[in-house]
Amino acid sequence: MNLPAPVAPLPFAPDAVIFDMDGLMLDSERAINACMAQAARELGHDIPDALWLRMIGGGDGLCRRLVAERIGEAAADALLERSEVLYDAVANAGIDHRPGIVDLLEWLVARGLPRAVATSTRRPLAMRKLQAAGLLPYFDAVCTSSDVARPKPAPDVYLLAARTLDVAPSRCLVLEDSPTGVRAALAAGMTPIQVPDLLSPDAATLALGHRIAPSLEVVVPMLQAALVAVEDGRPD
């Protein structure tokens with residue numbers, strides 16, 4: 001994956017950190033894609049892997065539309081219903097963490113920085129996934145697509161997270177893996193760091209001008225440097 005390096009320092013020490021879930025904290029994008037592909041094979045549909053990648057970062061509506069455009073609405077409904085059954089079993093067993101997430105969360109907890117989840121996943125499934133993966137206790141709030149009118153790339157779920165934490169959007173750091181989520185964070189007036197998973201940033205994504213990091217493991221040093229700058233009396 002070709003990523004800009006080094007990552008630019010943070011321009012401020014955030015008052016809260018808001019996390020995407022799938023592909024950022026949990027290695028769920030691979031699991032979701034595998035379940036979709038298995039359901040397609042079981043039902044006899046020839047669907048290229050590229051279609052699953054186009055769904056990353058989108059909500060249920062986008063996923064259904066893309067599949068329906070390929071195989072028709074009735075067939076799409078059947079495929080998505082079967083893939084949900086397959087994925088529920090994976091989610092209930094606990095999806096693997098992305099590298100660095102637990103260390104980052106523990107560092108934030110130790111410093112008392114508020115933390116929220118802002119995900120395109122529906123609330124019941126999001127809560128089940130976070131609980132099964134052992135991550136739910138780390139968060140002060142969980143905001144989902146069930147709680148807002150518009151999914152990402154609209155800013156709604158991020159703005160809800162900021163309101164729930166009682167932190168101004170401009171004081172929030174967002175961690176995202178997808179271009180869709182980055183656009184949502186920018187639209188909310190927040191500062192995003194993208195940690196790509198399955199999708200490398202394309203030219204349009206790079207043109208957004210946000211920070212792109214190779215892994216969550218670099219975020220703690222970035223936060224430490226921002227906090228030191230504040231303690232040294234440099235502008236925040």
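The values are calculated or read from the model by the stated rules, or taken from the named source; none is laboratory data. What you are looking at is a predicted structure, and each value in this text was computed from that prediction instead of being measured. FYI the Cβ positions are ideal-geometry reconstructions off the backbone, even for glycines, and counts take in every protein chain you see.
When you check Pro214 against the structure, is it out of contact with any strand residue (DSSP E or B) (no Cβ under 8 Å at 6 or more places or on another chain) and within 21 Å of Ile56 (Cβ to Cβ), yes or no? Give the derivation first.
Values: out of contact with any strand residue (DSSP E or B) (no Cβ under 8 Å at 6 or more places or on another chain): yes; within 21 Å of Ile56 (Cβ to Cβ): yes.
Taking the combined requirement at face value, the residue satisfies it.
Looking for something of a type in the set (D, E, K, R), surrounded by fewer than 17 Cβ atoms within 10 Å (Cβ to Cβ) and over 14 Å from the mean Cα position of the chain (by Cα) - is there at least one such residue anywhere in segment 206-213? No, there is no match, as no residue in segment 206-213 is of a type in the set (D, E, K, R), surrounded by fewer than 17 Cβ atoms within 10 Å (Cβ to Cβ) and over 14 Å from the mean Cα position of the chain (by Cα). Leu165 meets each of the listed conditions (1) under 29 Å from Pro221 (Cβ atoms); (2) surrounded by 19 or more Cβ atoms within 10 Å (Cβ to Cβ); (3) free of Cβ contacts under 8 Å to residues at least 60 places away in the same chain apart from (3).
So which residues in segment 154-181 are closer than 18 Å to Ile101 by Cβ and within 12 Å of the chain's Cα centre (by Cα), if there are any at all? Within segment 154-181, Val174, Leu175, Glu176, Asp177, Ser178, Gly181 meet the criteria. Going through segment 154-212 one residue at a time, which ones are of a type in the set (D, E, K, R) and more than 15 Å from Met21 (Cβ to Cβ)? If the condition is that a residue be of a type in the set (D, E, K, R) and more than 15 Å from Met21 (Cβ to Cβ), then Asp156, Arg163, Asp166, Arg171, Arg183, Asp202, Arg211 are the ones that fit.
Suppose the filter is crowded, with 16+ Cβ neighbours inside 10 Å, at pLDDT below 90 and either within 22 Å of Val157 (Cα to Cα) or touching a helix residue (DSSP H, G or I) at 6+ places or on another chain (Cβ under 9 Å) (or both); does Ile101 pass it? It is false that Ile101 is crowded, with 16+ Cβ neighbours inside 10 Å, at pLDDT below 90 and either within 22 Å of Val157 (Cα to Cα) or touching a helix residue (DSSP H, G or I) at 6+ places or on another chain (Cβ under 9 Å) (or both). Residues considered: Leu79, Leu66, Leu53. Of these, the only one that is buried (at least 21 other Cβ atoms within 10 Å of the Cβ) and at negative phi is Leu79.
Just checking, does segment 182-193 include any residue being at pLDDT 95 or above and among the hydroxyl-bearing types (Ser, Thr, Tyr)? If you could, list the steps in order and put the result at the bottom.
Of segment 182-193, the ones at pLDDT 95 or above are 182-193.
Then drop every residue that is not among the hydroxyl-bearing types (Ser, Thr, Tyr), which leaves 191.
Scanning segment 182-193 turns up at least one residue that is at pLDDT 95 or above and among the hydroxyl-bearing types (Ser, Thr, Tyr).
Residue pairs whose Cβ atoms lie under 8 Å apart, sitting 6 or more positions apart in sequence or on different chains, and linking a residue in segment 189-205 that is over 16 Å from Leu216 (Cα atoms) to a partner that is of a type in the set (Phe, Trp, Tyr) and surrounded by 22 or more Cβ atoms within 10 Å (Cβ to Cβ), are Met190/Tyr158.
Every residue in segment 136-153 that is hydrophobic (A, V, I, L, M, F, W, C) and either surrounded by fewer than 17 Cβ atoms within 10 Å (Cβ to Cβ) or more than 14 Å from the chain's Cα centre (by Cα) (or both), please.
Taking segment 136-153 as the starting set, the residues that turn out to be hydrophobic (A, V, I, L, M, F, W, C) are 136, 139, 141-143, 148-149.
Those that are hydrophobic (A, V, I, L, M, F, W, C) and either surrounded by fewer than 17 Cβ atoms within 10 Å (Cβ to Cβ) or more than 14 Å from the chain's Cα centre (by Cα) (or both): Leu136, Phe139, Ala141, Val148, Ala149.
Taking segment 53-164 as the region of interest, none of the helices (runs of 4 or more DSSP H) fully inside it holds 2 or more residues being in contact with a Lys or Arg (Cβ under 7 Å, 6 or more places away or on another chain) and among the charged types (D, E, K, R).
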